Amino acid sequence: MPSTPPLAHVVAGSEATGGAGIQADLKTFQQLGVYGVGTLTCIVSFDPQADWAHRFVPVDPQVIADQFEAATATHDLDTVKIGMLGTPDTVDVVAEALAAKSWRHVVLDPVLICKGQEPGAALDTDTALREKVLPLATVVTPNLFEAATLAGTEPIEDVDGLVDAARRIHALLDTSAGPRYVVAKGGAELPGPDAVDVLFDGTDVTVLSAPKIGEERVSGAGCTFAAAITAELAKGADVRAAAQVAKDVVTAGIEARVAARTPFDTVWQGAYAPAAG
Ligand code: PXL
């Protein structure tokens, strides 16, 4: 007999080492019991001969549209995660495809730059993302840098700054169509013993906190976090519960991180086991 597992669609780039991108997203979905469906937006190949620089190739916009069509024609999908887009043309085609059908949840990981890249490399892409995709998102998961960039604030230095940025980003979301959520991630980057993220729902702030596991940054944490929220939402969780599971998945995945020759170790999604009961 055919089965009907929970399904989620991810629209993201390939990062060949397996640390980030759609590779991390699909592993996260699988670990959380969600059948992953994926549209590829770009291909990132780190260059071991050039200090692991990011070689980046966008997928042709028509091919992105074709993948989106194949995915949505095959399955009833109501939950989607948006990861790295990378060019204004990609933002356009993804925004158009998203808007062509209704979604219960659009989780946007607003990837502006990857770890190890120079900030400010792609301002036109950032602007397009803010104008065209951000208003379609129901949940957006910026890290510290992305939160300051999207909010248009100075660099964030503490949890108050993170909450302020989350409020400003929330004001950019389309709340006429239902509740919207910002999960702004301090992660390991704010000072203090804990990795603190904040969830703002338009009214209340919820702080998600876990003791830092060293000060080292780990590749794939952002992708895994947003993918885990997406998977939990696909299974019917509310956003607050989904964000807590995502925090637990990332914490377990960093504790069990995979050694890599790249400048950062990578998250091991397979380490997560849901709490008993
Ligand atoms: O971690 C952000 C990210 C997302 N998606 C792709 C990436 C990266 C960082 O390298 O390559 C495809």
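The values are calculated or read from the model by the stated rules, or taken from the named source; none is laboratory data. This is a predicted model, so every value here is computed, not measured. As a convention, Cβ positions derive from the backbone with ideal geometry for all residues, glycine included, and neighbour counts pool all protein chains shown. Areas reflect the complete protein model, heavy atoms only, side chains present, ligands, DNA and RNA absent. Shrake-Rupley method; radii C 1.70, N 1.55, O 1.52, S 1.80 Å.
Taking 0.36 nm per residue of separation and subtracting the Cα-Cα distance, what length does fully extending Ala259 through Arg104 add? Write down the numbers at each step before the final one.
Numbers: separation 155, 0.36 × 155 = 55.80 nm, distance 3.68 nm.
Using 0.36 nm per residue and subtracting the Cα-Cα distance, I get 52.1 nm.
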What is the distance in Å between the Cα centroid of region 237-274 and that of region 84-106? 26
Placing +1 on each Lys and Arg Cβ and -1 on each Asp and Glu Cβ in region 7-266, then taking the dipole about the Cα centre, the residue among Leu162, Ser219, Ala148 whose Cα reaches farthest towards the positive end is Ser219
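Between beta-carbons, use under 13 Å as the cut-off and find the net charge around Ala128, counting Lys and Arg +1, Asp and Glu -1.
Working: positive: Arg130, Lys132; negative: Asp89, Asp92, Glu96, Asp124, Asp126, Glu131.
Within the 13 Å Cβ shell, the charges total -4.
So between Ala70 and Glu96, what do we pick up on full extension, going 0.36 nm a residue minus the alpha carbon distance?
Numbers: separation 26, 0.36 × 26 = 9.36 nm, distance 1.52 nm.
Value of the extension gain: 7.8 nm.
What does the charge count around Arg261 come to, taking other residues whose C-beta lies under 14 Å from its C-beta (Lys +1, Arg +1, Asp -1, Glu -1)? Walk me through the numbers on the way to the answer.
Details: positive: Arg257; negative: Asp47, Asp51, Asp265.
Once all neighbours under 14 Å are counted, the net charge is -2.
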Most positive-pole-ward Cα, Trp268, Pro88, Thr138, against dipole of the chain from beta carbon charges: Trp268
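Share of antiparallel DSSP beta bridges in the chain, in percent to the nearest 5? Provide the component values of the computation, followed by the final result.
Numbers: 20 of 41 bridges.
About 50 percent, rounded to the nearest 5.
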Listed residues Ala171, Gly19, Tyr35: farthest to the positive end of the dipole of the chain (Cβ charges): Tyr35
In nm, to one decimal, how far is the Asp204 label point from the Asp238 one, both placed 7 Å along Cα→Cβ? 0.7
Mind putting a number on the dipole of the chain about its Cα centre? Charges go on the C-beta only, +1 for Lys and Arg and -1 for Asp and Glu, and I need it in Debye to the nearest 20. 620
To the nearest 0.05, how large is the calculated FRET efficiency for Ala273 and Glu215 if R₀ is 35 Å and r is the Cβ-Cβ distance? 0.85
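About its Cα centre, how strong a charge dipole does region 203-263 have in debye, to the nearest 20, once Lys and Arg get +1 and Asp and Glu get -1 at the Cβ? Don't jump to the answer; show the numbers that get you there.
Details: 7 positive and 7 negative charges, 40 e Å.
My answer is approximately 200 debye.
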What ranking of Lys27, Lys185 comes out by heavy-atom accessible area, probe 1.4 Å, highest first? Lys27, Lys185
Expressed as a rounded percentage, what relative contact order does region 7-266 have, with Cα pairs under 8 Å and six or more residues apart? 18
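Order 31-44, 217-230, 191-204 from most to least packed using the mean count of other Cβ atoms within 10 Å.
Numbers: 31-44: 20.4, 217-230: 28.4, 191-204: 16.2.
Output ranking for 31-44, 217-230, 191-204: 217-230, 31-44, 191-204.
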Stretch gain in nm, segment Asp78-Thr4, where the contour uses 0.36 nm per residue and the Cα spacing is subtracted: 25.3 nm
